[in-house]
Structures are given as C-alpha cells and as structure tokens.
Amino acid sequence: MEIFLIRLLQFMLAISLLVLLHEGGHFFFARLFGVRVDKFYLFFDPWFHLFEWKPKNSDTTYGIGWLPLGGYCKIAGMIDESMDTEQMKQPEQPWEFRSKPAWQRLFIMIGGVLVNFLLALFIYSMIMFSWGDTYYKVQDMKMGMKFNTDAKALGFQDHDILLGTDKGEFKDFSADLFRDISEAKRVDVIRKGKRMSVSLPGDLNLLNMLKSQPAFVRPFIPAEIDSVMGGSPAMKAGIKAGDKILAVNGKAVDSWNEYDNELGRLEDVMTSVNTAKDSLRLRTVAIAYLQKATGKTDTVNVMLTPELKLGVFQTNIATYYNTTTDEFGFFESFPAGVKYGWNVLKGYVSDMQYVFTADGAKSLGGFGAIGSLFPPTWDWYMFWKMTAFLSIILAFMNILPIPALDGGHVLFLLYEMITRRKPSEKFMIYAEYIGISVLLLLMVVANLNDVLRWLGIM
C-alpha cells in the first residue's frame, strides 16, 4: 500500500505540474494578444468543483476540479471541449479568440505544446547539471550479452560484446540499443576476443524484440547469489550467498536469464494444475549449485514458495561493472539536455508506428501503467526524469492532428491561413465531437489494458 501511495503522489504531482504549465502556455499567449480567458482549471469539473476563485476586476475564474484527467483553459470565442455553442451564437467581440488574426490564434493553440517541450528540455538540462549522465557502457560489459533463439538465428552468440551498428556506437543498455539493432544493417561485436560483424535485414520488429520472452538481448548476469532471505527455501536447503546455481530440474543454467526462463516455464505449467498434490510436485525442484566456500557441486531438492520463489536475491549488473558518469557545468548542461531530450522525442515518434498494430494496441497503457513507471521510493532524480519524459509525451500527443487536441486546431488554422477561408462553425463542432470520441475510446482501451494486465489476462 505504501508503494502504491508513493507512486500515486509522484504521478499526481508530475501531472499537476505539467497540466498547469501546459494550460499556462495557452493562457499566456491568449492574454498577450488580448483574448479573454473565462476559466483556468486544474483537473476537470463536471457537475461540481473542489475550489474556485475569481480575482476582483478579472475576467478569469480559477479552480480545481475533481476529475484528475487533465485540465483546461476556456478561451472566449473558441469551440473547444467545453462545447459552449451558445457563446458562438452571439455577435463576435474584439476580445474573443475568433476575432483575432489566424497567426495569433496559431500561437495561442501551440502555446501549451511549446511550454511542455521547452519544459522537458529544461528539466533534462538541470538533471545533467545536478546529477550528470550516469550509465553502464555496453562496451564495458566484458561478459557480453545473453540472446534468445530469434537473436541467435540472426547470427548473435551468447557472450558477444556489443559495440555498435552502422549508425554508430552503442552507449548503454536501453530501448535505444534495441531500436538501433532493429534498424541496423550491421552490428559490430567482439566475440572470443575478436572483432566481427553480424549482418541484419535493417527492419526488425522493435515491438516484438521488446516484448519477447526470453528477451531478445539482455546483459549476461551469472547465476550467483547475492544474499539469501531468512527462513526461505534456499536457506533451509543450505544454499548461501556467493553460491552459483548450475541447473534447475536437470536443465543447465549459466545465468539469471536462464534461471528466470526455467521458473517461467514452471509458472506456465502451474496455471493448468488442478490438485494440491500436483502443485506440491511442481514446486519441488532439484537445484544444482556450486558452493563458494568449498568449490564443490551439490544438488538439493527444494520446495519453492507458492509463488515459485527460491528466496534469494540475484546479483545484478552493479555487482560486476562500474558506472560511467558524464558531468556537465551549468552552461554545458543545456546542449547536453537538449540533445538528450531530442533523442527521447525521436525514439518516441519512431515507436508510434507500432501503436497501429494489434500488438501495439495491446501494449497501450493508461494511468496505471504510467504511474508504475515512477519508482517505489521517493527519488527526485527519477521523479524529474519521468516528469520530463511525460512532458515530451504530452507535447507530442497534443500536437497530433486530431480534432479536440491542440494539433487539430492547428491543422484547421493552417488550412485557413493557406486557403483564406475559415472552416464553418458547424464543421468545427462536428470535428470536436469526433475528436473527443476518438480520445475517449483510446483512454478506455488504454485503461482497460491496465485492468487486464492486473488480472493476469493480458
């Protein structure tokens, strides 16, 4: 429960900040060009609100709604999600959005996206200045990688040390590495001390690479035990910290990758178990391991927990390799932050092609998926990094040419600037309805996916 609340607080704080500044971008340009803003709200307020305040001599009512799905800035004389068509029936006023030149209306509409994008770059820059850029160099992973059967069919071998592709060197083990491999015609590796290349088609399916189990590629982590939980099956069997697992039920494992795969197979079989006797039989596994203290090999039968846990903490990449930290001065941090943010945006835009596939639709996540991206403990570094990432997503999603989003309004404004003709109000109203319907459908699908994953159905 504590982890849930910490993630919820981080998510709510980040979303509140991003929504306020996004709507503030619209507000700034609206007031700059003399357009009246009727309402400025954090969160939506159907039927009632939590807080509302209208300063003396101000046309704007400020408030906080009860539905935390965003926020809005209600601009006078504009057809938006409020669907205030009554105002549009009145004579046009000089302080209304519709009375302003198209170029001013364009700035008002892109104001939110502009603020979110600049905010992300600023946050990334301040992260670079405050914490630097810390990562594990792929080239320093001297034990190389562990590959699945699909990767091996393409020519990779376990323990290959990845260097880079025809596009450039790898930096760290991240989604960018998968993306570069998916688009590469050639991947350079060190195999058994010799540099060589693996030829690739250049159009691998990135989504399949990321979702496949076992993973397409992972750092090779030996199955050495970091520590043992008190009272666990491992402790009762005499397994100790530093020991190395060699086999599970006679199937050799050379890494935690293989160990997890074997336990995953047991989990799959467990779903079809009907009796307690069969469950106990499956939970009883033979573990062969190398004793660190004596150097001898032993095999023990262990009764795993009902969740199929041995009760050990695995070693990880930090056990074997040191991090690399690139530090930046104040002025150096800005180009570094801009470069980092731009790479994040490019990667996100590139991955959008998979949204329109069946697997891509299943991978959509709602508020639960987004919230789970925040760490289970309060970490300002990860909080700001996630906030910057969400700011870039918010900017990109809002500029898509979908009616009801900023990008839809921008599309119609560009049409007006090119043709010198405004779309009719009737057309704009219908477009707004269509856009809202599309957005609601996407929201339902994304959050339904969260529920199905939570239930274990997807």
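Just a few scattered comments:
- Angle between the chain longest axis and helix 406-419 axis [Cα atoms, degrees, rounded to 10]: 50
- Note on Lys277: aspartates and glutamates with a C-alpha under 18 Å away, same-chain residues under 8 apart excluded, are Glu267, Asp268, Glu307.
- A Förster distance of 22 Å, applied to the separation of the beta-carbon atoms of Tyr321 and Leu263, puts the FRET efficiency at 0.35.
- The stretch 291-350 and the stretch 371-427: distance between their alpha carbon centers, rounded to Å: 32
- Ligands, DNA and RNA left out, the 1.4 Å accessible surface of the stretch 282-323 is 52% carbon and sulfur atoms.
- The convex hull drawn around the Cα atoms of the stretch 239-290, when projected onto a plane and averaged over every direction, covers 3.9 nm².
- Crossing angle, helix 425-455 versus the chain [Cα axis fit, 0-90 degrees, rounded to tens]: 20
- Its relative contact order, with pairs defined as Cα atoms under 8 Å and 6+ residues apart, puts the stretch 170-247 at 20 percent.
- Each stretch of four or more DSSP H residues adds -39500 (n - 2.57); spread over every residue of the chain, this sum gives -15000 deg cm²/dmol at 222 nm.
- Seen against the Cα atoms of the chain and their longest principal axis, helix 102-130 is set at about 30 degrees.
- Partner lysines for Lys54 [C-alpha distance under 16 Å; skip if fewer than 8 residues away on the same chain]: Lys39, Lys74
- Applying a threshold of 24 Å to the alpha-carbon distances of Lys142/Lys236; Lys146/Lys167; Lys167/Lys385; Lys185/Lys385 flags Lys142/Lys236; Lys167/Lys385; Lys185/Lys385 as lying beyond it.
- For the stretch 84-189, relative contact order (Cα pairs under 8 Å, six or more residues apart, normalised by length) works out to 18 percent.
- Reachable lysines from Lys240, criterion Cα separation under 17 angstrom, eight or more residues apart if same chain: Lys292, Lys296, Lys309
- DSSP-loop trypsin sites (Lys or Arg not before Pro) across the stretch 157-245, with at most 11 other Cβ within 10 angstrom: Lys192
- Shape of the stretch 173-296, Cα gyration tensor, a/c cut at 1.5: oblate
- Projected label distance in nm at Phe48 and Trp342, using a 7 Å step from Cα toward the beta-carbon: 5.1
The values are calculated or read from the model by the stated rules, or taken from the named source; none is laboratory data. None of these values were measured; they are calculated from a predicted model. Counting neighbours? That spans all protein chains shown, and the Cβs are built from the backbone with ideal geometry, glycine included. These accessible areas exclude ligands, DNA and RNA; they are computed on the full protein's heavy atoms, side chains included. Shrake-Rupley method; radii C 1.70, N 1.55, O 1.52, S 1.80 Å.
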